[in-house]
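Chemist: First the structure, then my questions, so here it is.
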Amino acid sequence: MKVAFDSRPSKDPRGIGRYTRCLLQALRESAAENHEIVESNRPRRCDLFHAPWIDGALLRSPVPMVVTLHDLVPLKRRGEYLRSGVRFKLRYLAVQRAVRVIVPTRVVAEDANEALDIPPDRVTVIPEAPAAALYRRSEEEIETVREKFALPRRYLLWVGGMTTPDPRKRVAALARAKRTMPLVLVGPTAHWAGELRDVTLTGAVNDDELAAIYSGAHALVFPSDEEGFGLPPVEALACGTPVAACDVPALREVLDGRAALAEVDDLDGLIQTAESLRRPAPAPPQWSWEDAAAATWDVYAEAVRAPATWRGARRRQGPASGKLSRPDDEGLASQQ
């Protein structure tokens, strides 16, 4: 089996990039002798195409296509994300045409069925996992990153991308909320993040630095009011750091009692909960990228055996209001 894997998002420092890098490496390491992974978004000479992000999904794939759907937040909350127009609709139409869809949680699987009318038998839940480099680090390593990034001795931690404000992440609201401990924000930033008051910004960090920053934190505070998976809490637990998060369906599913949960509309309560946490933190979920790769290979096998109904997908009601017309044969749901 020759699989074309769209690796373009691997350079993204956020969660989608982490997913792409870790899964691609695990797939290569676990590939059987007669299996091959090719990094390409043009799959014509391959047996299968995997788009690990919605932007890479093809409207008309020349081979069976698998798409990873991380969440449906932009579709469910279009008013906040200002998503509209033909390009937005075509992205989800392309997902509907996939032979198999991979999602990180049962919550996203249910959303895919309800919002996109994708049958459950075409959707497979494959959780994500912390990278191999994310584990509890030594006091010496913690002290090294503390000096490099001017971190306080005790701090609450948030990890994620800050290149654009994301309504569901609520980083600005977290920065404004009352707290007694300093707040450290880790991740790539843009100008707006520099205007947040009374926080420490590290910018982008490498995995060894991230593991040490996690390890040195009093707790991870995760104020998202909606998630498809929520990888930072799992990463924090892998580094031995307690987690306080908002009580939303995906985080309940993923963390399964391993974190202290607070009401979504009570950020002050969330911070108080985080400040009250004590070590040791619960062990992270016992799921690895090797497990994810094995499950993904199974999905690939199902996809190539599936009936060829993926050719010339029928017209259907789109996920947004109004009918979607049949696209051009060479059209993409997103940029090439």
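The values are calculated or read from the model by the stated rules, or taken from the named source; none is laboratory data. On a predicted model such as this, the values are computed, not experimentally measured, just so you know. With ideal geometry, Cβ positions are generated from the backbone for all residues, glycine too; neighbour counts draw on all protein chains shown.
Chemist: Which residues, counting only those in the stretch 233-273, are in a loop (DSSP other than H, G, I, E, B) and in contact (Cβ under 8 Å) with a residue 60 or more places away in the chain?
Modeler: Listed by number, the residues that qualify are Cys239, Gly240, Thr241.
Chemist: What's the number of the only condition in (1) surrounded by fewer than 16 Cβ atoms within 10 Å (Cβ to Cβ); (2) assigned to a loop (DSSP other than H, G, I, E, B) that Asp208 fails to meet?
Modeler: Checking Asp208 against (1) surrounded by fewer than 16 Cβ atoms within 10 Å (Cβ to Cβ); (2) assigned to a loop (DSSP other than H, G, I, E, B), the one that fails is (2).
Chemist: Give just the number: which of (1) within 21 Å of the chain's Cα centre (by Cα); (2) in a loop (DSSP other than H, G, I, E, B) does Leu185 not satisfy?
Modeler: If we test Leu185 against (1) within 21 Å of the chain's Cα centre (by Cα); (2) in a loop (DSSP other than H, G, I, E, B), just (2) comes out false.
Chemist: Only one of Met181, Met162 is surrounded by 16 or more Cβ atoms within 10 Å (Cβ to Cβ), at pLDDT below 95 and on the phi < 0 side of the Ramachandran plot. Can you tell me which?
Modeler: Met162
Chemist: Further question on the same structure: Assess whether Pro43 counts as being closer than 26 Å to Ala204 by Cβ, in contact (Cβ under 8 Å) with a residue 24 or more places away in the chain and either assigned to a loop (DSSP other than H, G, I, E, B) or within 17 Å of the chain's Cα centre (by Cα) (or both).
Modeler: no
Chemist: Among the listed residues Arg122, Arg137, Arg146, Arg154, identify the single one that is in contact (Cβ under 8 Å) with a residue 60 or more places away in the chain, within 30 Å of Glu29 (Cβ to Cβ) and not hydrophobic (A, V, I, L, M, F, W, C).
Modeler: Arg137
Chemist: Filter the helices (runs of 4 or more DSSP H) completely within the stretch 70-182 down to those with at least 3 residues that are among the aliphatic types (A, V, I, L, M) and assigned by TED's automatic domain parsing to the domain that holds Glu235.
Modeler: Hits in the stretch 70-182: 171-176.
Chemist: Considering only the stretch 132-148, state which residues are buried (at least 18 other Cβ atoms within 10 Å of the Cβ) and among the hydrophobic types (A, V, I, L, M, F, W, C).
Modeler: Listed by number, the residues that qualify are Leu134, Ile142, Val145.
Chemist: Quick check on the stretch 55-100: of everything there that is modelled with pLDDT of 95 or more and β-branched (Val, Ile, Thr), which residue is surrounded by the fewest Cβ atoms within 10 Å (Cβ to Cβ)?
Modeler: Here the residue is Val63.
Chemist: Look through the stretch 7-39, keep the residues that are in contact (Cβ under 8 Å) with a residue 24 or more places away in the chain and in contact with a Leu (Cβ under 9 Å, 6 or more places away or on another chain), and return whichever of them is surrounded by the most Cβ atoms within 10 Å (Cβ to Cβ).
Modeler: Restricting to residues being in contact (Cβ under 8 Å) with a residue 24 or more places away in the chain and in contact with a Leu (Cβ under 9 Å, 6 or more places away or on another chain), the top hit is Tyr19.
Condition check ((1) modelled with pLDDT of 95 or more; (2) β-branched (Val, Ile, Thr); (3) in contact with a Cys (Cβ under 9 Å, 6 or more places away or on another chain)) across all residues:
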| position | (1), (2), (3) |
| --- | --- |
| Ile102 | yes, yes, no |
| Thr105 | yes, yes, no |
| Ala109 | yes, no, no |
| Glu114 | yes, no, no |
| Pro120 | yes, no, no |
| Pro127 | yes, no, no |
| Pro130 | yes, no, yes |
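Chemist: Filter the stretch 173-187 for residues that are of a type in the set (A, V, I, L, M) and more than 18 Å from Pro232 (Cα to Cα) and give the result.
Modeler: If the condition is that a residue be of a type in the set (A, V, I, L, M) and more than 18 Å from Pro232 (Cα to Cα), then Ala173, Ala177, Met181 are the ones that fit.
Chemist: I need the full set of residues from the stretch 26-39 which are in a helix (DSSP H, G or I) and either modelled with pLDDT under 95 or over 13 Å from Pro52 (Cα atoms) (or both), in order please.
Modeler: The answer is Ala26, Arg28, Glu29, Ser30.
Chemist: Let me ask something else about it. Residue check: is Arg197 out of contact with any Lys or Arg (no Cβ under 9 Å at 6 or more places or on another chain) and in a loop (DSSP other than H, G, I, E, B)?
Modeler: Taking the combined requirement at face value, the residue does not satisfy it.
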